[in-house]
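The values are calculated or read from the model by the stated rules, or taken from the named source; none is laboratory data. Since we're looking at a predicted model, the values are computed, not measured. Every residue, glycine among them, receives a Cβ derived from its backbone with ideal geometry; neighbour counts consider all protein chains shown. Remember, those area values only see protein heavy atoms, side chains included, never the ligands or the DNA or RNA. Shrake-Rupley method; radii C 1.70, N 1.55, O 1.52, S 1.80 Å.
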Amino acid sequence: MIHLLKLTSFLWGLNLSALTSNLNIELLNKKNIRPNYKRVAITRKLSIFLTLLFTSTLGFGQYLTKEKALEDVKEFKMLLEKQSSYYQVSNFNFEKSYNEIEKKINEKDSISIHFLAFELEKIISNIIDRHANVRMENFNEDNYELYNLHLPFAVSSLGNQIIALKFNKKTKEYAYFNSKYPYIKKVDDVNIKDFLNNNAYTRKLSPKRAKQTDELKDLRDIGELYFKQGKTSLKDIEITFTNGKTDTKQTFLLSNRRNWYFDIGSTSFNRNYRKFGRDKDFDLSKLDKWLTDSIAYLAIPAMLSYKEIPNLESYLKSTIKKYKDSKAMIIDIRGNGGGTREILNTLSGYFVFPEQSPWIANVAYVRNNQFLDEDISSMQSRFLYNYNSEMLTDEDRKAIDNFNINYETEFHVDLNKFSTPFYMVLHSKQPINCPIYILVNEECFSAASVFTSAFKGLNNIKIVGVTTNGSSGRSQKFHLKNSKIQVKLSTMLSFQRNGKTLDGNGTIPDIIIERDESQMLRKSDSQLEKLLKIIKTKY
């Protein structure tokens with residue numbers, strides 16, 4: 001009965017029956033027929049009955065008794081304690097959060113699954129694990145109007161300022177939404193920074209620039225943010241714009257259309273490359289080209305496996321050889337969301353010089369509930385091996401010993417909870433002499449962030465751009481027994497050569513080049529242009 005009452009209230013809020021009746025009247029008016037209002041009333045009552053009957057059947061599966069919900073919270077605790085890697089190095093008071101959610105559950109006879117999921121999401125956001133998330137596999141967001149409402153304009157950033165933008169379909173460029181007052185100062189009278197910190201909580205432990213970029217994706221989908229805070233309806237929103245001196249306020253209706261922002265420098269959204277990995281007939285030669293003054297360029301939009309693109313490995317090898325005598329080579333991985341480490345492993349043979357080989361690129365520890373007496377297949381696929389692995393040579397082990405003399409991890413690794421370390425060791429094979437510049441941004445994620453950190457410090461390589469998003473965790477998915485909520489957690493601690501984790505830190509470039517106004521508005525790829533100027537002054 002509780003579920004039915006809640007569903008009834010929800011459906012009356014949506015006024016589905018009124019929509020049905022209005023549609024009937026509209027059709028009659030088009031045909032110049034006078035509506036039979038008695039029949040309309042009957043139709044309205046019938047539609048309410050049928051809708052309630054249909055959705056109430058579905059609705060029972062979307063609620064849990066408080067006993068079942070508490071069981072899932074207990075299971076969630078156990079997952080974090082037994083499976084999660086980054087939970088072990090977090091200073092957050094998780095017990096306090098558990099008590100708060102349990103108190104909320106105990107105040108009700110039953111709770112919705114999406115309420116439980118969002119509460120668990122808040123808890124998991126306090127772990128630096130960038131792969132961690134909470135998902136409801138059977139959650140139908142189309143049932144909730146607010147969940148699918150967005151800002152009526154695109155949003156981006158310039159330095160620390162949040163900008164409202166509009167897209168010109170003809171020029172494929174952006175312009176200021178309000179040219180006199182370009183910056184967003186407040187949302188519903190709340191300072192924009194505070195609004196994002198309070199609502200876009202899943203991003204809060206990312207590196208600074210990645211946090212800001214990811215927050216703006218959440219801001220774009222503002223209906224979802226409000227829905228997660230417990231709101232059920234919202235039609236308009238008040239935005240305070242500023243030019244730094246004076247302000248103006250405007251009220252907007254929320255939009256059913258998602259207004260995307262695409263950085264012109266992102267390889268994954270570049271019109272020439274975006275079919276990479278999606279179209280089996282994609283011409284790989286589109287990824288490389290000569291730039292001015294004998295500077296070579298290679299874009300890598302995703303770290304795809306060679307199984308996905310069988311001819312990718314041979315393409316990369318031939319391309320590197322083709323440009324080996326160039327003045328310099330730019331490897332552009334901006335916007336690369338990751339994948340596998342196969343590309344990294346292939347290119348390392350050309351990038352590592354003999355005097356730095358073997359090169360210890362990555363150190364990782366796995367939760368100790370794994371089979372640790374042999375190399376784990378999922379670690380082997382990441383080219384990570386334990387010290388005594390048959391995949392490592394005596395020379396590799398000597399390099400590891402020398403590396404460990406001065407190596408210290410950012411966090412103490414409790415070997416009662418984690419394995420002994422696994423190492424990624426790279427080797428020089430056919431080194432090329434031209435200097436390499438790896439162009440990165442805050443959207444370099446997972447295997448792309450590993451790619452960046454693995455090569456940082458090599459004599460012939462410079463990392464250029466802004467700090468990467470970071471993340472490397474060997475993530476696994478789990479499902480809570482009663483709610484079937486999916487919980488994704490990293491089960492590996494992954495450290496860079498400097499001892500810091502990828503998660504929460506990212507990799508800081510050797511040469512910082514921030515995005516400027518021209519690039520924000522998609523007028524030019526100024527990061528690439530500035531890098532070219534730097535190279536030309538050196539060679």
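Over what distance in Å are the Cα centres of the stretch 143-170 and the stretch 493-526 separated?
23 Å
Enumerate by residue number the GluC sites (Glu not before Pro) in the stretch 441-539 meeting two conditions: DSSP loop (anything except H, G, I, E, B), and at most 16 other Cβ atoms within 10 Å of the site's Cβ.
Those that pass, being in a loop and sparsely packed, are 514.
What number comes out for the charge environment of residue 129, summing +1 per Lys or Arg and -1 per Asp or Glu over other residues with Cβ under 10 Å away?
Summing Lys/Arg as +1 and Asp/Glu as -1 gives +1.
At a Cα cut-off below 17 Å, give the lysines reachable from residue 172, other chains included and same-chain residues fewer than 8 away excluded.
Excluding near neighbours in sequence, the set is 523.
Compute the acute angle (0 to 90°) between the alpha-carbon long axis of helix 2-14 and the principal axis of greatest extent of the alpha-carbon atoms of the chain; round to the nearest 10°.
The two axes meet at around 90 degrees.
Suppose every Lys and Arg Cβ carries +1 and every Asp and Glu Cβ carries -1, with no other charges. What dipole size does the stretch 245-334 come out with about its Cα centre, to the nearest 20 debye?
Once rounded to the nearest 20, the dipole reads 220 debye.
Taking the Cα centre of the chain as origin, work out the dipole magnitude from +1 charges on Lys and Arg Cβ and -1 charges on Asp and Glu Cβ, in debye rounded to 20.
On the way: 79 positive and 62 negative charges, 462 e Å.
Using only the charged Cβ atoms, the result is roughly 2220 debye.
May I ask you to list the lysines whose Cα is less than 16 Å away from that of residue 186, ignoring any residue fewer than eight positions away on the same chain?
Counting by Cα, and skipping residues close in sequence, residue 186 has these lysines nearby: 245, 249.
So what's the angle, to the nearest 10 degrees on a 0 to 90 scale, between helix 208-220 and the longest Cα principal axis of the chain?
For 208-220 against the chain, the angle is about 30 degrees.
Give me the distance in nm between label points sitting 7 Å out from Cα along the Cα-to-Cβ direction at residue 198 and residue 539, one decimal.
Here the answer is 5.2 nm between the modelled labels.
Compute the length gained on full extension between residue 478 and residue 498: take 0.36 nm times their separation in residues and subtract their Cα-Cα distance, giving the result in nm to one decimal.
Between residue 478 and residue 498, full extension yields an extra 4.0 nm.
Debye sum, Cα scatterers, the chain, no solvent: what log₁₀ I/I(0) at q = 0.07, 0.10, 0.12 1/Å?
-0.50, -0.95, -1.24
For the stretch 158-283, what number results from the quotient of the Cα radius of gyration and 2.2 N^0.38 Å?
With N residues counted in the stretch 158-283, Rg over 2.2 N^0.38 Å equals 1.20.
Be a star and scan the stretch 232-257 for residues whose amide nitrogen sits under 18 Å from the point 7 Å along the Cα-to-Cβ vector of residue 140.
No residues fall inside that zone.
How would the stretch 194-252 be classified by its alpha-carbon gyration tensor: rounded, prolate or oblate, with rounded meaning a/c under 1.5 and the a/b versus b/c comparison settling the rest?
The shape class here is oblate.
What aspartates and glutamates does residue 538 reach when the alpha-carbon gap must be under 17 Å and sequence neighbours fewer than 8 apart in one chain are set aside?
Reachable aspartates and glutamates: 293, 325, 510, 529.
Which of rounded, prolate, oblate describes the stretch 82-216, given a ≥ b ≥ c as roots of the alpha-carbon gyration tensor eigenvalues and a/c under 1.5 marking rounded, otherwise prolate only if a/b is larger than b/c?
Because a/c hits 1.5 or more and a/b exceeds b/c, the stretch 82-216 counts as prolate.
List the pairs from 275/488; 185/208; 317/533; 217/289; 208/456 whose alpha-carbon separation is above 22 Å, in the order I gave them. Each step should come with its number before you reach the end.
On the way: 275/488 28 Å; 185/208 19 Å; 317/533 27 Å; 217/289 32 Å; 208/456 20 Å.
Correct reply: 275/488; 317/533; 217/289.
Around residue 350, with a cut-off of 10 angstrom between Cβ atoms, what is the net charge of the other residues, counting Lys and Arg +1 and Asp and Glu -1?
Net local charge, residue 350 excluded: +4.
Under 20 Å from the 7 Å Cα→Cβ point of residue 313, by amide nitrogen: which residues of the stretch 388-430?
390-393, 424-430
Leaving out ligands and nucleic acids, and using a 1.4 Å probe, what accessible area per residue does the chain come to in Å²?
Computed with neighbouring chains in place, this is 49 Å² per residue.
Given R₀ = 56 Å, what would the calculated FRET efficiency be for residue 251 paired with residue 100, taking r from the Cβ atoms and rounding to 0.05?
0.95
How are the Cα pair distances of the stretch 392-539 distributed, in percent, across 10 Å bins from 0?
Values per bin, smallest distances first: 9, 29, 31, 19, 9, 2, 0.
For helix 342-351, report the angle its Cα long axis makes with the longest principal axis of the Cα atoms of the chain; keep it between 0 and 90° and round to the nearest 10°.
30 degrees
Would you please classify the overall shape of the stretch 406-471 from the alpha carbon gyration tensor, given that a ≥ b ≥ c denote the square roots of the eigenvalues, rounded means a/c under 1.5, and beyond that prolate means a/b larger than b/c while oblate covers the rest?
It is oblate, given that a/c is not under 1.5 and a/b is not larger than b/c.
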